[in-house]
Amino acid sequence: MKYLVCISKVPDTTAKISFKNEDKEFNSDGVTFIMNPTDEWYALVRALELKEASGGQVTVINVGPKDNEKFLRSAIAIGADDAVLIEANEETESYYIAKNIAKYAQENGYNFVITGKETISFNSFSLGGMIAEFMDLPFINQATQWMLNGEVSTIYKEIEGGEEVLEVTGNCVISAQKGMAEQRLANMKGIMMAKTKPLAIIPIALGEEKVQVSQYQVTPPRGNCKMFTLDQIDELVQALQSEAKVI
Amino acid sequence: MNTSTDYFLVDEMLTEEQRLIRRSVRDFVDRDIIPIIDSYAQKHEYIPDLMPKLGALGALGPYIPEEYGGAGLDQISYGIIMQELERGDSAVRSAASVQSSLVMYPIFTYGTEEQKRKYLPKLASGEMIGCFGLTEPNHGSNPAGMETKIIEKSDHFVLNGAKMWITNSPLADIAVVWAKDEQGQVRGLIVERGMNGFSTPTTHNKWSLRASATGELVFQDVAVPKENLFPDIRGLKGPLSCLNSARYGISWGVIGAAIHCYEVALKYASERNQFGKPLGGFQLQQKKLAEAITEITKAQLLSWRLGVLKNENRATPAQISMAKRNNVEIAINIARELRQMLGGMGIMGEFPMMRHAANLESVITYEGTHDIHLLITGMDVTGINAFG
Ligand SMILES: Cc1cc2nc3c(=O)[nH]c(=O)nc-3n(C[C@H](O)[C@H](O)[C@H](O)COP(=O)(O)OP(=O)(O)OC[C@H]3O[C@@H](n4cnc5c(N)ncnc54)[C@H](O)[C@@H]3O)c2cc1C
């Protein structure tokens, strides 16, 4: 089986988030980026486990600038066999990324395309569904478990108040979430071997960006809390009227 | 607000692999050490399964070549691993230091091919634990005075004596032991657990390195097969070369402890308010933080440069002494000063300063005390021996 795992980069979870260029662009000054945790911990590790159990190849892919190579190298150090970087501008939107990944997956005969359920930065949940559409494959969203028996995948999903168990025959696209696998650390030998495994950089092939961000807005911080005791009802009403201006 | 602990961008001097190594070891420490370390330190127990975990990560003998189970890393990578491990706890770094520099290094450097094949791969995976016996009850700073002896018989040596303060001795499967032969020359040999007359009593009631097992090595007419002797190395340069490798790692390691204290104090200073403003807004507290990051930065540059020299085989023992001495001192001072910054909270186990400060009391003592390293620098610059 051939597994193609989509890897994106996201700001480190402790990064201070701000925007520039009239709030149209994320301000990456001084921000450290990491591999998107749901891609790394769940999608990649589960693909590696399935490959280790029954053979195959795990390729990691990213659409982005050349510098993203280092995230792909990290994924190789964790155990991926090879990597592909489709070189593109920094903030490319999902449609365009999905089109290019789908094309690559189709041309190179991958059986499964796996993404994390979302990036922890833009949280758009959109990539997997689009890839599946472009490849004309079923899409299983937010899977918590994935077993593979021959051609048949058994996939668990959480649903409101319970779980759904699906069987999919043949190729499909899966987005993975917590439960699917456990974080795996790159060990020293993996890191040293990462240099020797193939990482192909190919030019972007398809399409123009169709969605432009017109503005980002940061949620205003919550104001200070003012406490009133039971015998201060009058003061409370007055504050709601004159300070908070909500009644 | 600049919360970086890499003030002079030392990172940019690292290779991509070295940065990956740091991240991986840091993730390991955040996931597997920091959440549990206080409880083991409080209970005065070593962390079970620590060695196999360090082995799986590749942190045991990382610079040993791959054919013997290591990862074939360079010296800066080794230093980075030590730094990140000690950010968790000096006990964890000590375990990795001893296994790597004091057990695997001498077996790799002085051992026979059979010894290397027999021990190194299992030591690298953590399946086997090793310890290093140099210090004795009556001879600490002056190991040349050692009393432990070997006497040659037809196919074995008879070993008698005792070693004290030995990291991991209660857990060890093997001990690299330094003893004098009948000609009074220091020799090294590998003693295995289970050999008759060999025991490893535990040292209890430490206030420092409480999550590390420390003990003695006692030898009463232990018959050690001749094939367990390092064949060619004679004299103190054997154990001292091991100490050089370990001390180099310590110079990096303690920066990790200092960084951890600094990270916690900086965060605390921005969150805790007194007199209507954050602690970080008071000059006296800023002085502590500013001095801490300055000393951390200087220490990083010292160790990084020492790593470059070590990779080129040019680092002198005197340079290593200077780095060990300086970096341990700044780390222990940072831990103590920044502990104060947390007020009462600073004495609690939820915060790392008290634990790091107490651990560093061992680190400033072992591998050559603070004073002894000063004498080494003193002798290097004056040419006069002031030890005796
Ligand atoms: C937790 C822990 C783990 C250890 N692990 C190991 C291990 O794994 N293997 C091992 O072999 N050893 C180990 N040691 C031993 C350690 O290396 C020794 O404790 C250290 O070398 C100091 O020896 P000592 O304790 O006998 O002190 P001493 O040598 O008695 O020194 C006492 C004091 O006198 C000072 N002093 C000594 N000589 C001079 C001098 N000439 N001039 C001025 N001042 C001097 C010293 O600086 C020190 O302050 C460990 C120690 C500790 C605490």
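The values are calculated or read from the model by the stated rules, or taken from the named source; none is laboratory data. Source: prediction; values computed, not measured. Don't worry about glycine lacking a Cβ; one is built from the backbone with ideal geometry, like all the others, and counts go over all protein chains shown.
Every condition in (1) within 13 Å of chain A (Cβ to nearest Cβ); (2) in contact (Cβ under 8 Å) with a residue 12 or more places away in the chain; (3) over 14 Å from B:Gly253 (Cα atoms); (4) of a type in the set (D, E, K, R) holds for B:Glu45 except the one numbered (1). Within region B:340-367, residues that are more than 14 Å from every other protein chain (Cβ to nearest Cβ) reach partners that are more than 16 Å from the ligand (Cβ to nearest atom) and basic (Lys, Arg) with beta carbons closer than 7 Å, at six or more positions or on different chains, in the pairs B:Met341/B:Lys288; B:Gly346/B:Arg339; B:Met353/B:Arg339; B:Met354/B:Arg339; B:Ala357/B:Arg336; B:Ala357/B:Arg339.
One residue stands out among those in region B:73-96 that are of a type in the set (Ser, Thr, Tyr) and under 25 Å from B:Glu12 (Cβ atoms): the one that is farthest from the ligand (Cβ to nearest atom), which is B:Ser77.
Residue-by-condition table, conditions (1) free of Cβ contacts under 8 Å to residues at least 60 places away in the same chain; (2) more than 15 Å from the ligand (Cβ to nearest atom); (3) not in a strand (DSSP E or B):
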{"site": "B:Lys118", "(1), (2), (3)": "yes, yes, yes"}
{"site": "B:Cys131", "(1), (2), (3)": "no, no, no"}
{"site": "B:Glu147", "(1), (2), (3)": "yes, no, yes"}
{"site": "B:Ser154", "(1), (2), (3)": "yes, yes, yes"}
{"site": "B:Val158", "(1), (2), (3)": "no, yes, no"}
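Taking B:Ala258 as the residue in question, decide whether it is away from the ligand (no atom under 16 Å from the Cβ) and either touching a residue at least 60 places away in the same chain (Cβ under 8 Å) or at positive phi (or both). In short, yes.
When each of A:Val58, A:Val45, A:Val10 is tested for being over 21 Å from A:Gln106 (Cα atoms), surrounded by 15 or more Cβ atoms within 10 Å (Cβ to Cβ) and modelled with pLDDT of 95 or more, the lone residue that passes is A:Val45. Would you check if B:Ser141 is of a type outside the set (D, E, K, R), part of a loop (DSSP other than H, G, I, E, B) and touching a Ser or Thr at 6+ places or on another chain (Cβ under 9 Å)? So B:Ser141 fits the description; yes.
Go through (1) crowded, with 17+ Cβ neighbours inside 10 Å; (2) out of contact with any Gly (no Cβ under 8 Å at 6 or more places or on another chain) and name the single condition B:Ile151 misses. Checking B:Ile151 against (1) crowded, with 17+ Cβ neighbours inside 10 Å; (2) out of contact with any Gly (no Cβ under 8 Å at 6 or more places or on another chain), the one that fails is (1).
If only residues of region B:104-141 that are out of contact with any helix residue (DSSP H, G or I) (no Cβ under 9 Å at 6 or more places or on another chain) and surrounded by fewer than 16 Cβ atoms within 10 Å (Cβ to Cβ) are counted, the one that is farthest from B:Ile364 (Cα to Cα) is B:Glu113. Checking B:Ala331, B:Ala335 one by one, the residue that is within 16 Å of the ligand (Cβ to nearest atom) and either assigned to a helix (DSSP H, G or I) or not hydrophobic (A, V, I, L, M, F, W, C) (or both) is B:Ala331 and no other. Scan region B:121-128 and give yes if some residue there is basic (Lys, Arg), away from chain A (no Cβ under 14 Å), in a helix (DSSP H, G or I) and in contact with a Leu (Cβ under 7 Å, 6 or more places away or on another chain), otherwise no. Within region B:121-128, none of the residues are basic (Lys, Arg), away from chain A (no Cβ under 14 Å), in a helix (DSSP H, G or I) and in contact with a Leu (Cβ under 7 Å, 6 or more places away or on another chain). Checking A:Glu25, A:Glu87, A:Glu93 one by one, the residue that is in contact (Cβ under 8 Å) with a residue 60 or more places away in the chain, away from chain B (no Cβ under 14 Å) and within 30 Å of B:Asn2 (Cα to Cα) is A:Glu25 and no other.
Of all residues in region B:55-77, those satisfying the criterion of being at the interface with chain A (Cβ under 10 Å from one of its Cβ atoms) and in a helix (DSSP H, G or I) are B:Gly55, B:Ala56, B:Leu57, B:Glu66, B:Ser77. Looking at (1) at pLDDT 95 or above; (2) on the phi > 0 side of the Ramachandran plot; (3) not aliphatic (A, V, I, L, M), which one does A:Glu52 not meet, given that it meets all the others? A:Glu52 satisfies every listed condition except (2).
Rundown of residues vs (1) loosely packed, with under 15 Cβ neighbours inside 10 Å; (2) touching a Pro at 6+ places or on another chain (Cβ under 9 Å); (3) among the hydrophobic types (A, V, I, L, M, F, W, C); (4) at pLDDT 95 or above, yes/no style:
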site: B:Leu302; (1), (2), (3), (4): no, no, yes, yes
site: B:Lys310; (1), (2), (3), (4): no, no, no, yes
site: B:Arg314; (1), (2), (3), (4): yes, no, no, yes
site: B:Ser321; (1), (2), (3), (4): no, no, no, yes
site: B:Leu338; (1), (2), (3), (4): no, no, yes, yes
site: B:Gly343; (1), (2), (3), (4): yes, no, no, yes
site: B:Met348; (1), (2), (3), (4): yes, no, yes, yes
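Looking only at region B:28-42, which residues are at the interface with chain A (Cβ under 8 Å from one of its Cβ atoms) and out of contact with any helix residue (DSSP H, G or I) (no Cβ under 9 Å at 6 or more places or on another chain)? Passing the criteria: only B:Arg31.
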